[in-house]
Every structure is written in C-alpha cells, then in structure tokens.
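Structure first, commentary second.
The values are calculated or read from the model by the stated rules, or taken from the named source; none is laboratory data. Predicted model, so just to flag it, every value in this text is computed and none were measured. Glycine also receives a Cβ, built like all others from the backbone with ideal geometry; neighbour counts cover every protein chain displayed. Surface accessibility is based on the protein's heavy atoms, side chains included, excluding ligands, DNA and RNA. Shrake-Rupley method; radii C 1.70, N 1.55, O 1.52, S 1.80 Å.
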Amino acid sequence: MEEVKEVESKEFTGNSVMSIKNLSVNFKVAEGTVNALDRVSLDLAYGETIGIVGESGSGKSTFANAMIALLPENAVISGDIVFEGERLPYLSNVGRKEKKRDVKILDAKLRAIRWKEISMIFQGAMNSFNPAYTIGKQLKQVFQIHTDFDLDQINKKMKEVVIKAGLNPSVLASYPHELSGGMKQRAVIALALALNPKMVIADEPTTGLDVVVQAKLISTLKKLRASGDLKSLVIISHDLGVVSQLADRVAVLYAGRLMEIGSVMDIYLNSRNPYTLALLENYPSMRKARERVLGIPGTPPDLLNPPKGCRFAERCKFADSICTQVDPPVVQISPGHFSACHFADKVNVKTAEKKYSATNDILSSHSSGGLPLIKTVDLTKFFGLRSSAAGSIFVQAGKKSVAHAVEKLNIEIKEGEIYAIVGESGSGKTTVGRLLLKSIEPTAGKLFFNIGEDNVLELSNKTLSNEKIREFRSMSQLIMQDPYDSLNPKMSVFDTVAEPIEALKLEKDPSRIEAMVSQSLESAGLSPASNYIFRFPHELSGGERQRVGVARALSVPSVKFLLADEPISMMDISLRAHFLNNILELRQNRKLSIVYITHDMASARYVSDRMLIMYLGMPVEEGETESVITNPLHPYTKALIQAVPEPNPTWKPERTGIIGEIGSIVNVPKGCRFYDRCIFRKDICKDEAPPKREESGHWYLCHFSQSELIVNSPEEMERDVTGIKTPQGSSINVSGR
Amino acid sequence: MYQGDEPEELEKLVHADARKARLKYLLVPIIIYSLILVVPAPFAFEYGFPYRSDVPTILFIVGVLLFFVAAWWDFGAKKVLNESVRIGVKITNDDISYMEKQGFSLMMMYFGIASLFIATAFAVFYI
Ligand SMILES: Nc1ncnc2c1ncn2[C@@H]1O[C@H](COP(=O)(O)OP(=O)(O)OP(=O)(O)O)[C@@H](O)[C@H]1O
Ligand code: SF4
Ligand code: SF4
Ligand SMILES: [Mg+2]
C-alpha cells in the first residue's frame with residue numbers, strides 16, 4: 001500500500017484531520033496471530049466523509065477502534081495514526097514495558113481526545129444504554145465529565161443536540177426501553193454530537209433498523225453534514241447502499257487489506273477492483289428484479305494464516321496464477337482512485353458484467369397451481385393485559401390495554417408457493433408466523449391446514465385431538481432466525497438437526513435417525529454430511545450455521561410447510577444469496593410451501609411468488625410479488641419500496657413518503673391504521689375504516705383509488721422529512737400517554 | 001371491538017371483571033378458613049379429636065402466615081408490568097399509583113381475613 005500513502009498524503013497535506021499510514025493490527029490469540037489489518041493507509045480531510053465497506057470480518061471495526069486507540073490488550077499495532085498533526089500517543093510505545101504512571105498519563109490524554117475531539121458510535125451502541133437511567137441523565141454525564149458547564153448550560157446544550165439528532169426533547173425524560181430502535185440510535189447520535197467533536201466514527205449506525213427508519217436516519221445524517229454539525233465523518237457499514245448515500249470517498253476492505261479507494265462515484269460507478277465489483281454485483285437491490293444472485297463463492301481467508309499474494313485470490317473470478325504468489329500492486333486509476341489488483345487495468349464494470357453474466361439467468365416466476373395448504377379466515381390475535389385476574393385488578397378501567405397484533409387476516413398459501421409477509425417491526429409479522437405454526441392460539445377467526453388428500457384440519461378448533469396436532473407439527477417447521485444466536489453452542493450438528501425428530505418421537509432407531517439427519521444436511525447443501533455431523537457451532541462458518549438451521553427444519557421427512565422469520569437480517573451479501581437460493585431450491589425439489597417473513601423488500605422480491613404487506617397488525621396490500629413491487633398501490637407499500645437503499649450515490653432518499661415511525665398496536669387509530677403516517681390522508685380516513693380495492697390485478701386497503709391519492713399540501717410532505725413534527729402517537733409520545 | 005376502541009359500555013364490564021377477580025383472590029383464604037373449621041368437626045365428634053385446643057392453634061398459625069403473605073406478595077402486579085412491556089402498553093405514573101392502590105386494598109382485605117383467622121382462634125379457644 002506504499003503508493004496510496006504517498007499520493008494521498010500529498011493530496012491532503014495540511015488539511016487532514018487524521019492521517020493513517022501503514023497501519024497493521026495483529027491480535028495475539030492462543031492459536032497464533034490474527035492479522036486483522038495489513039498495512040492500511042488512509043487520509044481523512046476536514047469536513048470529509050469517508051465510508052469503509054467490506055464483508056463481515058474484513059477488519060472494519062478493528063480499523064475504527066484503532067482510530068481512537070481503543071483496541072483490546074491482545075492487539076499489536078504498527079504504523080502511524082496522526083490526529084491533527086500529533087501521533088496518537090500509544091502507538092509509539094507499543095512493545096515497551098510501561099510504568100503504571102506512564103500508562104495513566106497516556107490514558108488521560110487519550111480520554112481527552114476521545115469524546116471531545118473524536119467521538120465514536122460503536123457497533124450496536126443503541127443497545128448499550130444503561131436501562132436504569134433516563135436518556136437525559138446519560139447525556140448529562142457526558143457534559144459533566146468533559147466540560148465545566150453549569151446545569152443551565154448543560155440543559156440547553158442537551159436540548160440542542162437532541163433536536164439536531166431529530167428527536168423531540170421529551171425523550172430526555174424517557175428510559176431507553178421506552179424508545180424504538182430508531183429513536184435510540186438517534187439518541188446515540190446526540191451523544192456523539194454532544195461535545196461538538198472534530199471527527200465522528202460511526203460503526204454500522206443503521207444496521208438492525210427497519211428500512212424506513214434507516215432511510216430517515218440517513219437523511220438526518222446528511223442534514224447534519226450539510227449544516228456542519230457533523231464535521232469529519234467515518235462511516236462503516238457492510239451495506240453499500242448506506243455508505244453510497246453518505247460518503248464522499250469510499251475505502252473497500254477485504255481480509256484486513258485495502259482493496260480499493262476512491263471517490264464515491266469512482267467506487268460505485270467506475271470500480272476497477274474485482275472485490276468491489278463482486279460486492280456491487282451481489283447487492284440485493286430492488287432494481288435487479290429477479291436476476292439470480294449467487295453471492296461471492298467461498299469464504300474470507302483465515303487471518304491466522306493469511307494466504308500469500310492477493311487475499312481475494314481464492315474467490316476472485318479474475319484471478320491468475322500471479323495472484324496467489326505476489327501481493328497486488330496499488331494502481332492509480334485516476335487522481336485519488338486506487339485499486340490493489342494485478343489486473344486493475346483490465347477489470348471494470350463491463351468486463352465484470354461479462355464474467356458474472358454467465359450465471360445471470362432470470363428467475364422464472366413460479367406459477368403455483370397447487371392446492372391451498374394453509375387458509376385463514378379473519379384470523380385475529382389480540383394480546384390483552386386484562387386476560388388474567390391480576391391484569392383485571394391492576395389495569396385501570398379506561399386504559400387501552402389490548403394489543404391488536406393481527407387483525408382479520410385472510411390469506412391462502414398454496415402448495416409449493418413462497419409467500420412473503422413484509423412490514424416494519426411492530427407490524428405483526430412474527431405474530432402471524434406464530435399463529436400459522438400454532439404456537440399461540442388465535443383470539444378469533446379460523447385457520448385451516450391441508451394435511452393431504454383433502455383432509456383439512458381446522459387448527460383454530462380448540463377440541464382438535466392431540467394426534468391431529470402432532471400430525472400438523474410433523475408437517476410444519478420453523479427456520480431459526482439468525483445463525484449466530486439460534487444454535488446451541490453445546491449441541492453438535494447431529495443433536496441440533498435430530499431434535500425435531502426426537503421431539504416428535506418419529507423414530508427411535510439411532511441408525512435411522514442418523515440417516516434422516518444426513519439426508520437433511522445434504523438437502524440443505526452440507527455435503528458430505530459426515531463432514532459436518534459431529535461438529536459444533538463454533539467450528540462452522542456463518543453460512544454453514546445457517547444451513548444447519550435449515551437442515552434442522554427439514555429433518556422431519558413429512559415437512560410440507562416452512563416458516564422463515566427474518567432469516568437473513570443478520571447476514572452479509574454472500575450468506576444471504578446462499579440462503580435465498582437454498583430456499584428456492586428446496587421449493588423446487590421438495591415442493592415445500594414457504595412463508596418468508598421479512599422487512600426487506602429486495603429479498604422478498606427475489607424469492608417470493610406472492611406477498612402480503614402488513615401495517616400495525618392489518619394486512620394492507622396483497623398480490624403477485626412482481627405486480628406489488630412494480631405497481632405498489634397502498635401508500636405504505638410505496639414508502640417501503642422507496643426506502644430500500646440503492647448502492648448508487650445518485651439515489652435520493654430524502655423523501656421517504658411516510659411520516660414518523662411506526663405507531664403502537666395498543667393505541668391504534670380508529671379509521672385507517674395508516675392514518676398517522678400517511679401523506680395522502682383526508683378527513684374520512686380518520687374515522688372510517690377503508691375498504692378493499694382492486695387495481696392492476698391485486699388489492700389494497702384504502703379509501704382512494706390511485707388517481708385520487710394526492711398529497712395534501714407541501715407542509716404535509718415536509719413532515720416526513722423533518723422527523724420531529726411527528727403527529728400524535730408516534731415518536732414524540734414517549735413519556736407516557 | 002375490531003375498531004380498536006374499547007367502547008364505554010365495556011367500562012362497566014371491566015369493573016365487574018375487577019370485582020370478580022378480587023373475589024378470586026379472596027376466595028382462597030376464605031376456603032382455607034372454612035376447611036380448617038369444618039373438616040376436623042366430624043373427627044371431634046366421632047373420635048374425640050381435641051378440637052378446642054388444636055383448631056385454634058392451626059387457625060392462629062395460618063392467620064399469622066397470611067399476614068406475611070399479604071405483606072410480601074405483590075398479588076401479581078409485577079407480572080402485569082412485565083406483560084405490559086412485552087405487549088407494548090405504556091405504563092404511566094398514574095397507572096403505577098393505581099396499581100399501588102389496588103395492591104394496598106387487596107393487602108388490607110387479606111389483613112382483614114387474617115385477623116378473622118386469629119379472632120376465630122381466640123373465640124374457639126375461650127368460648
Ligand atoms: N480481540 C480480538 N482478538 C482476536 N481476534 C479478533 C479480535 N477482534 C477482532 N478479531 C478478528 O479480526 C478480524 C476483523 O474483525 P472486525 O471486528 O474488525 O471485523 P468487521 O469488519 O468489523 O466485521 P463485522 O462486519 O462482522 O462487524 C476478524 O477475523 C476477527 O475475528
Ligand atoms: S489481484 Fe488477482 S485475485 Fe486479487 S483481486 Fe486482482 S485479479 Fe483478483
Ligand atoms: S385510507 Fe387514507 S390514511 Fe389510509 S392509506 Fe388511504 S389515504 Fe392513507
Ligand atoms: Mg464490525
């Protein structure tokens with residue numbers, strides 16, 4: 001990376017807030033040394049935003065932590081990090097045995113830099129608020145420790161930063177658990193802005209948030225950049241779409257090495273590096289429609305023994321024998337645009353498309369003429385506080401205490417069909433899933449399941465015999481949510497996969513069980529099964545863990561119905577592609593019906609035949625997937641589609657076409673559920689429940705036809721942007737009702 | 001119901017529900033009370049069970065226990081709170097003081113029943 005260093009330091013002399021030269025980070029672990037970062041150089045100019053992208057494990061967080069000298073003790077660092085002309089103190093002392101007093105001085109110096117000069121939004125920070133204190137108290141502490149403001153000044157400042165972050169000052173009085181994910185993340189941003197730092201590092205600031213919330217957060221961050229409240233920003237994300245929206249320049253990391261760096265236009269529209277191009281090619285974007293996405297084959301290298309030559313060689317479609325022998329040179333493409341690749345002159349968007357297009361078949365739309373497998377009639381689930389004796393004593397009479405989790409759901413899922421249920425968190429998707437699996441009983445309505453030969457069970461019937469219920473259970477399975485949390489670390493692959501067989505007492509003979517387990521492992525794509533059967537989760541990669549989760553759902557041979565609840569929300573692009581293709585194959589090979597629950601429109605479009613959009617417990621639109629996506633009718637669907645990020649700097653998400661954040665299912669609006677957030681609403685929507693309407697081959701729930709949906713006034717439109725002037729019931733209303 | 005509002009007529013039903021629930025809470029100690037009084041009676045008549053000395057002792061002990069139960073038990077208020085967090089029902093300070101009031105009145109009722117136990121114990125013993 002020598003060349004990058006030289007050219008860049010020339011470009012930014014004098015005006016870089018931070019300059020990193022040849023930074024390497026090695027973690028000492030029992031098995032050896034993990035080379036997490038390898039000679040990375042980067043300059044950050046005043047007022048600039050730099051994005052850092054890469055797959056999981058590429059070293060993004062390590063890089064960020066190095067920038068504020070917060071690496072764990074087992075880290076060995078070499079290279080320079082210069083902040084405002086001064087080396088970050090601890091780097092120069094690495095390796096020397098230090099006296100306690102020296103360490104203390106160093107620490108004090110660093111603490112002053114952190115927060116005041118550089119502040120960091122840690123990965124997952126929104127979950128690290130202390131639940132016992134109000135947001136205000138936690139923010140106050142920052143000021144008390146780092147400034148000598150008096151209480152009045154602090155209060156004034158606190159209000160200021162909270163408003164800047166797009167929150168109503170009343171959140172200061174609320175406890176973390178009272179805030180939604182999006183609001184908590186805004187509170188984190190307020191914390192980061194508190195001391196007006198010169199530089200902010202944000203590690204995955206939007207990961208784990210719903211698309212709509214994410215789009216709003218991005219536009220807030222953009223505004224903060226424009227107003228100068230955010231000075232220099234380092235934004236780290238595995239989501240290329242998010243970074244493309246915010247960054248001026250982008251650095252692509254892979255296995256601890258800088259693969260490419262350049263302006264956002266250079267990277268997204270004119271990349272000259274195979275890894276960047278592979279990331280872009282596999283991004284689950286709305287525009288790609290149903291082109292098959294294969295993911296990047298293989299897995300990142302083991303950083304305990306990094307391979308010789310280019311670290312991407314094993315997975316690179318352009319690789320040649322030289323790549324595995326010689327480190328790639330850093331080639332300058334244009335001023336400020338560098339790519340570390342032997343073939344940087346040959347690789348570009350066009351040649352990459354050719355390489356990938358061999359695999360780019362369009363997924364055929366699956367027409368399912370199958371019989372209905374599942375049918376619901378007005379299926380409804382309320383959760384009520386008053387359902388217990390204690391509840392009816394302790395809950396006040398006038399209090400709204402019923403959560404309308406799912407209301408009047410009428411769907412039909414056919415054999416061999418993939419049916420997507422899409423909505424933000426809080427829309428009732430998971431409750432639908434639990435109802436369909438009969439893990440909770442409906443409050444009202446009916447649920448039917450066809451167990452074959454036109455033998456239809458009414459699952460909502462409370463007098464159903466245990467035998468019949470068992471029969472249903474042997475036909476329906478759940479794919480567990482996230483491959484990192486869902487597997488029990490103490491259970492071997494065999495035990496995990498065999499669990500449903502044992503739970504349903506389908507088989508006693510151990511050799512038969514083993515055969516069933518092997519078969520399901522192979523149909524989930526883990527072959528030969530004998531390689532995996534006795535491993536434990538920590539010996540598996542993320543993708544393999546995900547497959548074990550699928551295999552577990554398939555181990556019962558009579559399975560006809562699979563439910564996958566947000567299965568890919570924690571995965572990066574390669575894993576998601578594998579998983580989604582796996583689902584498609586299963587449907588093909590085993591004629592399974594699959595209900596795919598997600599908040600991610602792009603993946604729903606990729607796999608599903610039909611989709612249902614839910615908002616606050618209400619189904620609001622349903623139809624053939626392509627029809628819904630290309631011609632969304634309900635205002636909510638339109639907004640959801642608009643909020644899906646595009647990996648393209650020219651994409652403009654300022655207008656999300658939706659107001660505020662999702663409301664509460666306890667205090668639902670009387671007329672249209674979407675009333676509080678709709679930019680098209682009229683008076684009639686407030687009190688009257690909207691009817692179903694048919695247009696372009698599918699239905700939606702609204703008072704108005706498409707030609708009648710007109711935005712009321714410019715101010716109405718404004719409300720969706722500011723995020724502060726939200727109506728009753730949403731983000732302002734936090735400290736009680 | 002489906003419109004998400006709980007109509008005013010429901011209010012009365014809710015109050016009736018609360019009364020019924022309170023009765024459920026009180027029924028348990030009252031049943032225990034009657035059992036202690038009634039069950040030993042046939043034994044006293046048939047086999048000479050020392051009713052006058054033993055039943056008051058039992059009543060007294062259970063009565064004291066009941067005092068403790070009433071003082072320490074929250075009557076399920078905590079569970080309701082947890083449940084409301086899970087469902088997403090916001091709890092205000094007003095709700096909390098209502099819960100405390102309800103908890104307090106249940107406790108007083110339990111104290112009353114416990115006193116009844118002890119009073120009966122003395123009555124049976126001395127009369
Ligand atoms: N304290 C540590 N000890 C040993 N190895 C570590 C330590 N911290 C990180 N690593 C390793 O360093 C590499 C880079 O990790 P890092 O957390 O920087 O990745 P990342 O790009 O932020 O990934 P993600 O997108 O999953 O957050 C990984 O291989 C990781 O296992
Ligand atoms: S150097 Fe070779 S392996 Fe590495 S990215 Fe370039 S072509 Fe691929
Ligand atoms: S009924 Fe009214 S509030 Fe509801 S979606 Fe249609 S226009 Fe919006
Ligand atoms: Mg990270």
Next on the checklist: Let me spell it out: the conditions are (1) buried (at least 23 other Cβ atoms within 10 Å of the Cβ); (2) under 27 Å from A:Glu281 (Cα atoms), and A:Ser593 meets all of them except one. Which number is the exception?
Outcome noted: (2)
Checklist entry - Which of the residues that make up the range A:281-297 are crowded, with 20+ Cβ neighbours inside 10 Å and part of a helix (DSSP H, G or I)? => result A:Glu281
Checklist entry - Can you spot a residue in the range B:53-71 that is more than 7 Å from chain A (Cβ to nearest Cβ), part of a helix (DSSP H, G or I), without any contact (Cβ under 8 Å) to a residue 40 or more places away in the chain and over 20 Å from the mean Cα position of the chain (by Cα)? => result yes
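If you take the residues of the range A:611-661 that are among the hydrophobic types (A, V, I, L, M, F, W, C) and open to solvent by 20 Å² or more (accessible area, probe 1.4 Å), which of them is nearest to ligand 4 (Cβ to nearest atom)?
From the range A:611-661, those among the hydrophobic types (A, V, I, L, M, F, W, C) are A:611-614, A:616, A:618, A:620, A:628-629, A:633, A:639-641, A:643-644, A:651, A:658-659; that's our starting set.
Next cut, open to solvent by 20 Å² or more (accessible area, probe 1.4 Å) only: A:618, A:641, A:651.
Working: A:Met618: 37, A:Ile641: 29, A:Trp651: 24 Å.
The residue in question is A:Trp651.
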Checklist entry - Out of the range A:533-549, which residues are open to solvent by 20 Å² or more (accessible area, probe 1.4 Å) and of a type outside the set (Ser, Thr, Tyr)? => result A:Phe534, A:Arg535, A:Phe536, A:His538, A:Glu539, A:Glu544, A:Arg545, A:Arg547
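So that you can scan it fast, the table gives a plain yes or no per residue for (1) basic (Lys, Arg); (2) closer than 20 Å to A:Val142 by Cβ; (3) within 16 Å of ligand 2 (Cβ to nearest atom):
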residue	(1), (2), (3)
A:Asn155	no, yes, no
A:Ile163	no, yes, no
A:Asn168	no, yes, no
A:Met183	no, yes, no
A:Lys198	yes, yes, no
A:Val213	no, no, no
A:Ser219	no, no, no
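Among A:Gly671, A:Gly657, which is in contact with a Lys or Arg (Cβ under 7 Å, 6 or more places away or on another chain), within 30 Å of A:Glu281 (Cβ to Cβ) and assigned to a loop (DSSP other than H, G, I, E, B)? Step through it out loud before you land on a result.
Details: A:Gly671 fails: within 30 Å of A:Glu281 (Cβ to Cβ).
Result of the check over A:Gly671, A:Gly657: A:Gly657.
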Checklist outcome for this item: Of the residues in the range A:380-420 that are assigned to a strand (DSSP E or B) and out of contact with any Asp or Glu (no Cβ under 9 Å at 6 or more places or on another chain), the one that is farthest from the other protein chains (Cβ to nearest Cβ) is A:Ile413
Item to check | Scan of the range A:344-384 for residues that are modelled with pLDDT under 90 and over 32 Å from the mean Cα position of the chain (by Cα), ordered by number | outcome: A:Asp345, A:Lys346, A:Gly369, A:Gly370, A:Leu371, A:Pro372
Next on the checklist: When the residues of the range B:99-114 are narrowed to those that are open to solvent by less than 70 Å² (accessible area, probe 1.4 Å) and within 10 Å of another protein chain (Cβ to nearest Cβ), which ends up farthest from the chain's Cα centre (by Cα)?
Outcome noted: B:Met99
Checklist entry - What number goes with the only condition from (1) part of a helix (DSSP H, G or I); (2) surrounded by fewer than 14 Cβ atoms within 10 Å (Cβ to Cβ); (3) at pLDDT below 80 that B:Ala44 does not pass? => result (2)
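I need the full set of residues from the range A:421-441 which are of a type in the set (S, T, N, Q), in a loop (DSSP other than H, G, I, E, B) and touching a residue at least 60 places away in the same chain (Cβ under 8 Å), in order please. If you could, list the steps in order and put the result at the bottom.
Just the residues of the range A:421-441 that are of a type in the set (S, T, N, Q), to begin with: A:425, A:427, A:430-431, A:439.
Applying the additional criterion that residues be in a loop (DSSP other than H, G, I, E, B) yields A:425, A:427, A:439.
Of everything in the range A:421-441, those that are of a type in the set (S, T, N, Q), in a loop (DSSP other than H, G, I, E, B) and touching a residue at least 60 places away in the same chain (Cβ under 8 Å) turn out to be A:Ser425, A:Ser427.
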Next on the checklist: Considering only the range A:428-435, I want to know if a residue exists there that is of a type in the set (Lys, Arg) and open to solvent by less than 20 Å² (accessible area, probe 1.4 Å).
Outcome noted: yes
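Which of the following residues is away from ligand 3 (no atom under 16 Å from the Cβ) and part of a loop (DSSP other than H, G, I, E, B): A:Ala319, A:Ala278?
Numbers: A:Ala278 fails: part of a loop (DSSP other than H, G, I, E, B).
Answer to the selection: A:Ala319.
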Checklist entry - What is the number of the single condition among (1) open to solvent by 40 Å² or more (accessible area, probe 1.4 Å); (2) away from ligand 4 (no atom under 16 Å from the Cβ) that A:His238 does not meet? => result (2)
Next on the checklist: Considering only residues that are out of contact with any Ser or Thr (no Cβ under 8 Å at 6 or more places or on another chain) and under 17 Å from A:Ala64 (Cβ atoms), which ones fall in the range A:176-223?
Outcome noted: A:Val188, A:Ala202, A:Leu221
Next on the checklist: Can you confirm whether A:Ile81 is within 14 Å of ligand 1 (Cβ to nearest atom), open to solvent by less than 20 Å² (accessible area, probe 1.4 Å) and not in a helix (DSSP H, G or I)?
Outcome noted: no
Checklist outcome for this item: Within the range A:298-328, residues over 20 Å from A:Ile573 (Cα atoms), near ligand 2 (Cβ under 9 Å from one of its atoms) and open to solvent by 60 Å² or more (accessible area, probe 1.4 Å) come out as A:Asp320, A:Ile322, A:Thr324, A:Val326, A:Asp327
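Does A:Gly391 qualify as being open to solvent by less than 30 Å² (accessible area, probe 1.4 Å), free of Cβ contacts under 8 Å to residues at least 12 places away in the same chain and either touching a Phe, Trp or Tyr at 6+ places or on another chain (Cβ under 6 Å) or of a type outside the set (A, V, I, L, M) (or both)? Please lay out each step first, then the result.
On the way: open to solvent by less than 30 Å² (accessible area, probe 1.4 Å): yes; free of Cβ contacts under 8 Å to residues at least 12 places away in the same chain: yes; either touching a Phe, Trp or Tyr at 6+ places or on another chain (Cβ under 6 Å) or of a type outside the set (A, V, I, L, M) (or both): yes.
When the stated conditions are applied, A:Gly391 passes them.
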